[in-house]
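Quick notes on the structure that follows.
The values are calculated or read from the model by the stated rules, or taken from the named source; none is laboratory data. Since this is a predicted model, take the numbers as computed values, not measurements. Because the Cβ atoms are built from the backbone with ideal geometry, glycine has one as well, and the counts that use them run over all protein chains shown. With ligands, DNA and RNA removed, areas are computed over all heavy atoms of the protein, side chains included. Shrake-Rupley method; radii C 1.70, N 1.55, O 1.52, S 1.80 Å.
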Amino acid sequence: MRRTTEPDPAALWWQGAVFYQVYVRSFADSDGDGVGDLEGIRSRLGYLELLGVDALWLTPFFRSPMADHGYDVADPRAVDPLFGDLAAFDRLVADAHAHGIKVTVDVVPNHSSDQHPWFQEALAAPPGSRERARYFFRDGRGPDGAQPPNNWTSVFGGPAWTRARDGQWYLHLFTPRQPDLNWDNSEVRADLVGTLRFWLDRGVDGFRIDVAHGMAKPAGLPDMPAYLIGITGAQAHPAEDPRFDNEDVHEVHRLIRKVADEYPGSMAVGEIWVESDERFARYVRPDELHLGFNFNLVAADFDADAVRRAIDHSLTAAGQSPPTWTLSNHDVSRHVTRYGGGDLGVRRARAMALVQLALPGVAYLYNGEELGLPDVALPDWALQDPLWERSGHTDRGRDGARVPLPWEGSEPPFAFTEGDKTWLPMPPEWAGLTVEAQLEDPDSMLSLYRQALELRKTHAAFSGGELEWYGAPPGCFAFRRKGGGLICALNTSGAPVPLPPGEILLSSAPVSDTELPPETSVWLV
Ligand code: NOJ
């Protein structure tokens, strides 16, 4: 039912919330097919409550041929049978709410699946038809139109154009099975509004907007600069990239905001890969998205100066909106691995978890980071990400960060599924990283996250939206939350440094009263 009450402070629950990204394929499987599903998530809500997160972001579970694991949507208002059905979704939302956990879902407005009825109709219809106008169909260049309409390349490698049987080309910034929708088309806009209302009416608390910097395309589809051709994978786009961050995209976000405003307490966060802080800030103006994902922390090495720069950029880019903080997601290498892997990577990941969770604003955790999972070096035969094929086997893609979660037991599949196979193989070495193995161990990554989330939620030191930097030795930083007074110090210098004064609330590794060891962070009041 549509909610029509006036906004109250509870409606702003997302400001300061800790979101937990559930990569639905990989979280928990209830039916033994080796792929995670909605009932699997529901069966683990107790765990999520114990962990202490406020909200879930569920990656796409909509009807899809899974050419990009659900980011190719054939029906945005239906649940794919692989993941369950609408009744399972309703049960999940109701139970999550009963556990005090909000539920947000992904929407994918930049493109549809090639199996979407609209695209099938477009293929069957002639050039210039209403059916083709929902996408980007163009004649090719060259004498017989055999060259693509422009030089754009796909984010997953190869040309961004594929030729239809009748000789016209269609645009796809991702795989050929993800044709870009034309946002100048009123049916496309109306359909998104219908999708948002559909899920809001089922009780969801918000949305993650996929490729929020995409959608609008520049008039005439001009060529891209040569130096951008062929760059693959997740990365921030510069202003001169014509494929992204075009002015009209803001109309789409105003539309999304209008719908959200009809449902007080709902919110939207955009995935925004743009280089400049100023361009980023435009997405989170008061009449656009509530929040924007920035990826500055993802891009920063484990180096105090680099992390500090990333924090400052994120704060500037957020403008008046609460900043968001992300260390990992399903598109990038897990941070344990990025920071060097092994014990060193884990130690650094622990330190960065406390940095992330000390910052004012919204934290997004990616499932498995609370267990300290690293990337898995998968064999070629196991790779499924379209990036692997599309890049001509030069980019191994994102599968290594998407391996299913280990829950219990001493060997794969670690109770992820009751079946004997998982959609990506799980490494036997994860026996020590299961939830079961970590839950009662006070020194585990899971225990660190639980303590940190508990303190963040309950301790007055975490109040206040502003931070100030302290002087710190080279290779280190310290900041203070202005309101509540929490101090967070990080040492990336490789040698111990004096501990700032204060009472220790939590540290990422054992600290003495006087020294902060290397690769360590600490919370003080
Ligand atoms: C961003 C999503 O996070 C990614 O997984 C997907 O492949 C692309 N958008 C295309 O939808």
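Values as computed for the structure displayed
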| item | result |
| --- | --- |
| Qualifying residue in the stretch 296-312 (condition: open to solvent by 10 Å² or more (accessible area, probe 1.4 Å), in contact with a strand residue (DSSP E or B) (Cβ under 8 Å, 6 or more places away or on another chain) and within 16 Å of the ligand (Cβ to nearest atom)) | yes |
| Enumerated helices (runs of 4 or more DSSP H) restricted to the stretch 275-334, each holding at least 1 residues that are out of contact with any Phe, Trp or Tyr (no Cβ under 9 Å at 6 or more places or on another chain) and among the acidic types (Asp, Glu) | 277-281 |
| In the stretch 186-225, residue most open to solvent (accessible area, probe 1.4 Å) [restricted to those that are without any contact (Cβ under 8 Å) to a residue 12 or more places away in the chain and in the same structural domain as ALA74 (by TED's automatic domain parsing)] | ALA219 |
| Boolean, TRP13 is out of contact with any His (no Cβ under 8 Å at 6 or more places or on another chain), among the hydrophobic types (A, V, I, L, M, F, W, C) and within 15 Å of the ligand (Cβ to nearest atom) | no |
| Whichever residue in the stretch 180-223 is of a type in the set (A, V, I, L, M) and over 17 Å from GLU288 (Cα atoms) and, among such residues, is nearest to the ligand (Cβ to nearest atom) | LEU181 |
| Test: residue in the stretch 89-104 that is open to solvent by 10 Å² or more (accessible area, probe 1.4 Å), more than 20 Å from ASP205 (Cβ to Cβ) and not β-branched (Val, Ile, Thr) | no |
| In the stretch 135-185, the residues that are touching a residue at least 24 places away in the same chain (Cβ under 8 Å), surrounded by fewer than 17 Cβ atoms within 10 Å (Cβ to Cβ) and of a type in the set (D, E, K, R) | ASP139, ARG165, ASP166, ASP184 |
| Residue identified as under 25 Å from ILE487 (Cβ atoms) and open to solvent by 10 Å² or more (accessible area, probe 1.4 Å) among GLY341, GLY361 | GLY361 |
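Rundown of residues vs (1) within 20 Å of the chain's Cα centre (by Cα); (2) at pLDDT 95 or above; (3) in a loop (DSSP other than H, G, I, E, B), yes/no style:
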residue: GLY340; (1), (2), (3): no, yes, yes
residue: LEU357; (1), (2), (3): yes, yes, no
residue: GLU370; (1), (2), (3): yes, yes, no
residue: TRP381; (1), (2), (3): no, yes, no
residue: PRO406; (1), (2), (3): no, yes, yes
residue: GLU411; (1), (2), (3): no, yes, yes
residue: GLY419; (1), (2), (3): no, yes, yes
residue: ALA431; (1), (2), (3): no, yes, no
